[in-house]
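The values are calculated or read from the model by the stated rules, or taken from the named source; none is laboratory data. As the structure is a prediction and not an experimental result, all values here were calculated from the model. Reconstructed Cβ throughout: ideal geometry from the backbone, glycine too, with neighbour counts over all protein chains shown. Surface accessibility is based on the protein's heavy atoms, side chains included, excluding ligands, DNA and RNA. Shrake-Rupley method; radii C 1.70, N 1.55, O 1.52, S 1.80 Å.
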Amino acid sequence: QVQLVESGGGLVQPGGSLRLSCAASGGIFSIYSMGWYRQPPGKQRELVAIISSDGRTNYADSVYGRFTISRDNAKNMVYLQMNSLKPEDTAVYYCRIWFRSNDYWGQGTQVTVSS
């Protein structure tokens, strides 16, 4: 049974940083693509960043240059380093991994950017 568990969310002041982690268990995921999505209050879920199995990355325009996605295949982990956080980054952040028809989501971690 595949399980994704996010951690690292919390309350941070504008301009601050957080590092989100997502631990995947129940399989070997080196061939999976991995990504972070977020759902701001009252809005739809949106893509934040994705990383392919060979390490190629893609970012939403709103976070480009501030956020960095990375992965550690040996540990079945995916990370999101978030710098220069803004109030509009406030959202529940979700981890996702997928390969062909296999598609899994975590339960999310809250990130709140506020003074």
Quote to one decimal, in nm, the extra length available between PHE99 and ASN73 on full extension: 0.36 nm per residue of separation minus the C-alpha distance between them.
7.9 nm
Cα-only radius of gyration and Dmax that characterise the chain, units Å
13.4, 42
Which whole-number value in Å² is the accessible area per residue of the chain, probe 1.4 Å?
54 Å²
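Leaving ligands, DNA and RNA out of it, report the carbon-plus-sulfur percent of the accessible area of the chain at a 1.4 Å probe. Don't jump to the answer; show the numbers that get you there.
On the way: 2830 of 6250 Å².
It is 45 percent, rounded to a whole number.
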Length-normalised contact order of the chain in % [C-alpha pairs under 8 Å, at least 6 apart]
36 percent
Mind checking Rg over Rh on the stretch 8-66, alpha carbons, Kirkwood formula for Rh?
0.99
Given springs between every Cα pair under 10 Å in a Gaussian network model of the chain, which of SER62, SER70, SER84 has the largest fluctuation?
SER62
Mind jotting down the distance between the C-alpha centroids of the stretch 66-86 and the stretch 13-55, whole Å?
7 Å
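Compute the signed sum of charges (Lys and Arg +1, Asp and Glu -1) over the other residues within less than 14 Å, Cβ to Cβ, of GLN107. It would help to have the intermediate numbers written out before the result.
Values: positive: ARG38, ARG45, ARG96; negative: GLU6.
Taking every Cβ under 14 Å from that of GLN107, the sum is +2.
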